[in-house]
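The values are calculated or read from the model by the stated rules, or taken from the named source; none is laboratory data. Since the model is a prediction, treat every value here as computed from it, not as a measurement. Don't worry about glycine lacking a Cβ; one is built from the backbone with ideal geometry, like all the others, and counts go over all protein chains shown.
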């Protein structure tokens, strides 16, 4: 008994009174920096080909160069992001609009279905050169490529969200003599929101890839063009810095969309329900005698 | 046209809320007879249970009265008016609560009012009072996913009452709930429909439940679905749960079981 006591005491003393969470974070950091350290050491010892594996310290230096010293990344980042946003908005409007139209109209659905299947089977990026041929070099063809690659997820999700309305709820609305407009506004749209949002999330990720491909082809500006230039000049460290920039960007986009999703589909999470429930209580509490 | 005039005459003469004469419903061009030649009159304020095995046409009958499906033959009138579709004086509650997940309990209860027009302060007060009546005073602003199955059905019941309909159709409303919750809700349902003086039709496949709740039990049998017999329940409403152990109650259970035959 006494021996056990001293043992547990010893353990807690060694962990320095950290919580489980803190210890996990510490462990993650330890593993991460060990890997980076191994990478750095491997590169310095000549075990890794510097052409493909630039040293982490050089990548860090490149970050300094492209963000601060030269500052050339900002303009390209801006160029890429404005494309992504424009293309994503365009693709979303097209996707959600067409999805709703096709979802509501059985006749349109029947006649459009084969084309949708063909479009789904075609790698949409393959059409990119044709779009450039049709629209010429410049923003318009780039945006068209992004619209094309990111339109599909919102389209399919909106379509399925609108078509797969719960039968019981439809019957309830019918028994309450709801008009078509009421069914649309009070049932179909809110019911489809979570699945539409999931489509939008996919679309935004696709939009980023689409923008890079468009820039790879046109090579004039943007992160895609920047990566091309650095790689062609064998400046791998700066290429990596650009790629990691996109990683961070992708992560931020993902998190941002998650945040938006939490707020729009508020009934899917506890915090959202609490927030809206409290808001309703403030709005109507007095009227209902609370 | 002719049928509707006839039905109106019936309604006026009989002082009954619901009249059915030779009411039939077939599906698949007559291949399946879901309900065959139903004849009945239901008095205002009475509680009628429809009991029978699957396929006996009890849900079909309810949906016909709700105006959710069209009859194949016969006459059917509510308040002396021919049933041609869903209407405001008839309300329906389903086996599933079918609440809108993105709305709080109060907003769910207000749905029927929104369909009919604009929601006023009085409507909101009424909806909240109905939720209090069904025992949800602390959950006015809770979302469906925050409520238990029994509580969700209570919200659905409040929503049914919010329609202001005086004919209430309940299709196995507590069928998916556990025995204890179901019994409690049955007792409350009896109290509530007594308070609002509604005419109630209640579908169930539980014989004891059917008798416990009702003034009249429509005993229904399948192939073809039909009303085999109408059994009167003589006890005063509301009744205590303990009535189910009385000899008279058990005689009625035996009687209904006998009509249902080997099927049950």
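Report whether or not residue B:202 is surrounded by 15 or more Cβ atoms within 10 Å (Cβ to Cβ) and either under 27 Å from residue B:27 (Cβ atoms) or free of Cβ contacts under 8 Å to residues at least 24 places away in the same chain (or both).
Values: surrounded by 15 or more Cβ atoms within 10 Å (Cβ to Cβ): yes; either under 27 Å from residue B:27 (Cβ atoms) or free of Cβ contacts under 8 Å to residues at least 24 places away in the same chain (or both): yes.
Judged against the criteria, residue B:202 is a match.
If I ask for residues that are within 12 Å of chain B (Cβ to nearest Cβ) and in contact with a helix residue (DSSP H, G or I) (Cβ under 7 Å, 6 or more places away or on another chain), which ones from the range A:256-270 would you list? Scanning the range A:256-270 gives A:264, A:265, A:266, A:267, A:268, A:269.
Would you confirm whether or not the range A:235-255 contains a residue that is in contact with a helix residue (DSSP H, G or I) (Cβ under 6 Å, 6 or more places away or on another chain), at pLDDT below 95, at negative phi and within 14 Å of another protein chain (Cβ to nearest Cβ)? No, the range A:235-255 contains no residue that is in contact with a helix residue (DSSP H, G or I) (Cβ under 6 Å, 6 or more places away or on another chain), at pLDDT below 95, at negative phi and within 14 Å of another protein chain (Cβ to nearest Cβ). Among the residues of the range B:99-121, none qualifies, meaning not one is more than 13 Å from residue B:158 (Cα to Cα), assigned to a strand (DSSP E or B) and within 9 Å of chain A (Cβ to nearest Cβ). Screening B:64, B:76, B:68 for residues that are touching a residue at least 60 places away in the same chain (Cβ under 8 Å) and within 30 Å of residue B:35 (Cβ to Cβ) leaves exactly one candidate, B:76.
Of everything in the range B:127-155, what is touching a residue at least 24 places away in the same chain (Cβ under 8 Å) and within 9 Å of chain A (Cβ to nearest Cβ)? Give them in sequence order. Listed by number, the residues that qualify are B:127, B:131, B:140, B:141, B:142, B:143, B:144, B:145.
In the range B:68-92, how many are more than 9 Å from every other protein chain (Cβ to nearest Cβ) and surrounded by 20 or more Cβ atoms within 10 Å (Cβ to Cβ)?
Filtering the range B:68-92 for residues more than 9 Å from every other protein chain (Cβ to nearest Cβ) gives B:69-84, B:89.
Then drop every residue that is not surrounded by 20 or more Cβ atoms within 10 Å (Cβ to Cβ), which leaves B:71, B:76-78, B:83.
Adding up the residues that qualify gives 5.
Restricting attention to the range A:180-234, the residues that are over 23 Å from residue A:267 (Cβ atoms) and within 14 Å of chain B (Cβ to nearest Cβ) total 1. If you go through the range A:165-177 one residue at a time, do you hit one that is more than 14 Å from chain B (Cβ to nearest Cβ) and surrounded by fewer than 21 Cβ atoms within 10 Å (Cβ to Cβ)? Checking the range A:165-177: not a single residue is more than 14 Å from chain B (Cβ to nearest Cβ) and surrounded by fewer than 21 Cβ atoms within 10 Å (Cβ to Cβ).
With respect to residue B:179, determine if the residue is touching a helix residue (DSSP H, G or I) at 6+ places or on another chain (Cβ under 7 Å) and more than 12 Å from every other protein chain (Cβ to nearest Cβ). Full working, then the answer.
Values: touching a helix residue (DSSP H, G or I) at 6+ places or on another chain (Cβ under 7 Å): no; more than 12 Å from every other protein chain (Cβ to nearest Cβ): yes.
In short, no.
The set of residues from the range A:218-235 being crowded, with 19+ Cβ neighbours inside 10 Å and in contact (Cβ under 8 Å) with a residue 24 or more places away in the chain comprises A:218, A:222, A:223, A:224, A:225, A:226.
Quick one: is residue B:185 closer than 30 Å to residue A:268 by Cα and outside the structural domain of residue B:38 (by TED's automatic domain parsing)?
Details: closer than 30 Å to residue A:268 by Cα: yes; outside the structural domain of residue B:38 (by TED's automatic domain parsing): no.
Judged against the criteria, residue B:185 is not a match.
In the range A:99-114, what count of residues is obtained for those that are surrounded by fewer than 15 Cβ atoms within 10 Å (Cβ to Cβ) and in a helix (DSSP H, G or I)? Number satisfying all stated conditions: 7.
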